[in-house]
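J.: Take this structure first; my questions come after.
The values are calculated or read from the model by the stated rules, or taken from the named source; none is laboratory data. Predicted, not measured: the structure shown is a model, and the values here were computed from it. We place every Cβ from the backbone using ideal geometry, glycine too, and count neighbours over all the protein chains shown. For the accessible areas, the whole protein counts, side chains as well, though only heavy atoms, and no ligand, DNA or RNA atoms are used. Shrake-Rupley method; radii C 1.70, N 1.55, O 1.52, S 1.80 Å.
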Amino acid sequence: MLKVGLTGGIGAGKSEVSRLLVERGAVLIDADRIAREVVAPGTPGLAAVVEAFGERVLAADGSLDRPGLGAIVFADPEKLAVLNSIVHPLVGARSRELESAAADDAVVVHDVPLLAENGLAPLYDVVVVVDAGPETQLDRLVRLRGMTEDDARARMAAQATREKRLEIADVVIDNDVPLDALRRRVAEVWADLVRREHALRAGSAEAAGE
């Protein structure tokens, strides 16, 4: 099994890259999706968030008001740290469960937005960074996600710098390109990941034989 950490700044297009990798056979473990699951109504995670931030973070139906909570925490590093201390351990535990269920020869891609911020690179055999310029990120967040420019800039500022992400990258996917070019680059990266998985398994088999 090859464990891949996939990350990138908000608006860099990481979700599109993960989708293209899944098309080619990757097993995807999406930290954002899991983060939503662990704070779903009735979960201990949601109860802990409400205890920390109050019932103002609940929507009328009792679910988490994610935009409202985001507006609170992304403008305050201390509050963001509190939220992360609740959610991240829950996400980590669920991610490990899903990884253990994957086949021995799988290429398992962990889609982790805050991989650089939380120093998680050593957990993976390969770190893939989806890179885009800040102007591209801002445009996508405002035009495609409907954020205000101030909100988009606050969320970008709350993440690691572009330089910090690139420092931990084993592989970089440039997503300041048209979709066709992105598809070609992802195909190249996938071939590389499959080769790495084969080499890793061969090395493990040789070590076991010794």
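J.: Condition test on ASP61, is it outside any helix (DSSP H, G or I), charged (D, E, K, R) and free of Cβ contacts under 8 Å to residues at least 60 places away in the same chain? Can you show your working first?
T.: On the way: outside any helix (DSSP H, G or I): yes; charged (D, E, K, R): yes; free of Cβ contacts under 8 Å to residues at least 60 places away in the same chain: yes.
Criteria met by ASP61.
The rows are residues; the columns are (1) open to solvent by 60 Å² or more (accessible area, probe 1.4 Å); (2) among the polar types (S, T, N, Q).
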| residue | (1), (2) |
| --- | --- |
| VAL4 | no, no |
| THR7 | no, yes |
| LEU20 | no, no |
| ASP30 | no, no |
| PRO41 | yes, no |
| ARG56 | yes, no |
| ILE86 | no, no |
| GLY92 | no, no |
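J.: Tell me yes or no: at least one residue of the stretch 51-58 is at positive phi and either out of contact with any Ser or Thr (no Cβ under 7 Å at 6 or more places or on another chain) or among the hydrophobic types (A, V, I, L, M, F, W, C) (or both).
T.: yes
J.: May I pose another question? List every residue pair whose Cβ atoms lie under 7 Å apart, where the two residues are 6 or more positions apart in sequence or sit on different chains, the first residue falls within the stretch 16-36 and is farther than 14 Å from GLY5 by Cβ, and the second residue, located anywhere, is open to solvent by 70 Å² or more (accessible area, probe 1.4 Å).
T.: So the pair list comes out as LEU20/ARG183; ILE34/ARG94.
J.: On the given criteria, is ASP176 touching a Gly at 6+ places or on another chain (Cβ under 8 Å) and acidic (Asp, Glu)?
T.: Values: touching a Gly at 6+ places or on another chain (Cβ under 8 Å): yes; acidic (Asp, Glu): yes.
Taking the combined requirement at face value, the residue satisfies it.
J.: Follow-up. Only one of ARG201, ARG143, ARG184, ARG196 is closer than 18 Å to GLY5 by Cβ, over 18 Å from the mean Cα position of the chain (by Cα) and charged (D, E, K, R). Can you tell me which?
T.: Working: ARG201 fails: closer than 18 Å to GLY5 by Cβ; ARG143 fails: closer than 18 Å to GLY5 by Cβ; ARG184 fails: closer than 18 Å to GLY5 by Cβ.
Just one listed residue meets the conditions, ARG196.
J.: State whether one or more residues within the stretch 138-160 are closer than 23 Å to LEU28 by Cα and in contact with a helix residue (DSSP H, G or I) (Cβ under 7 Å, 6 or more places away or on another chain).
T.: no
J.: Pick out the one residue from GLU78, GLU117, GLU99 that is free of Cβ contacts under 8 Å to residues at least 24 places away in the same chain and of a type in the set (D, E, K, R). Please lay out each step first, then the result.
T.: Working: GLU117 fails: free of Cβ contacts under 8 Å to residues at least 24 places away in the same chain; GLU99 fails: free of Cβ contacts under 8 Å to residues at least 24 places away in the same chain.
Every option except GLU78 fails the conditions.
J.: Could you list all residues from the stretch 21-50 that are more than 15 Å from the chain's Cα centre (by Cα) and in a helix (DSSP H, G or I)?
T.: Hits for the stretch 21-50 are GLU23, PRO44, GLY45, LEU46, ALA47, ALA48, VAL49, VAL50.
J.: Could you tell me how many of the residues in the stretch 163-181 are within 21 Å of the chain's Cα centre (by Cα) and over 19 Å from VAL4 (Cα atoms)?
T.: 4
J.: Does VAL50 qualify as being without any contact (Cβ under 8 Å) to a residue 24 or more places away in the chain and either within 25 Å of ARG162 (Cα to Cα) or hydrophobic (A, V, I, L, M, F, W, C) (or both)?
T.: Details: without any contact (Cβ under 8 Å) to a residue 24 or more places away in the chain: yes; either within 25 Å of ARG162 (Cα to Cα) or hydrophobic (A, V, I, L, M, F, W, C) (or both): yes.
Yes.
Matching residues to (1) farther than 13 Å from ALA31 by Cβ; (2) touching a strand residue (DSSP E or B) at 6+ places or on another chain (Cβ under 8 Å):
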{"position": "LEU90", "(1), (2)": "no, no"}
{"position": "ARG96", "(1), (2)": "no, no"}
{"position": "GLU99", "(1), (2)": "no, yes"}
{"position": "ALA106", "(1), (2)": "yes, yes"}
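J.: Okay, moving on. Among the residues of the stretch 100-128, write down those that are part of a helix (DSSP H, G or I) and not hydroxyl-bearing (Ser, Thr, Tyr). Break it down into steps so the answer makes sense when it comes.
T.: To start, the set of residues in the stretch 100-128 that are part of a helix (DSSP H, G or I) comprises 100, 121-123.
Passing the criteria: ALA121, PRO122, LEU123.
J.: Every residue in the stretch 70-84 that is part of a helix (DSSP H, G or I) and open to solvent by less than 60 Å² (accessible area, probe 1.4 Å), please. Please lay out each step first, then the result.
T.: Of all residues in the stretch 70-84, those part of a helix (DSSP H, G or I) come to 70-73, 77-84.
Those that are part of a helix (DSSP H, G or I) and open to solvent by less than 60 Å² (accessible area, probe 1.4 Å): GLY70, ILE72, VAL73, LEU80, ALA81, LEU83, ASN84.
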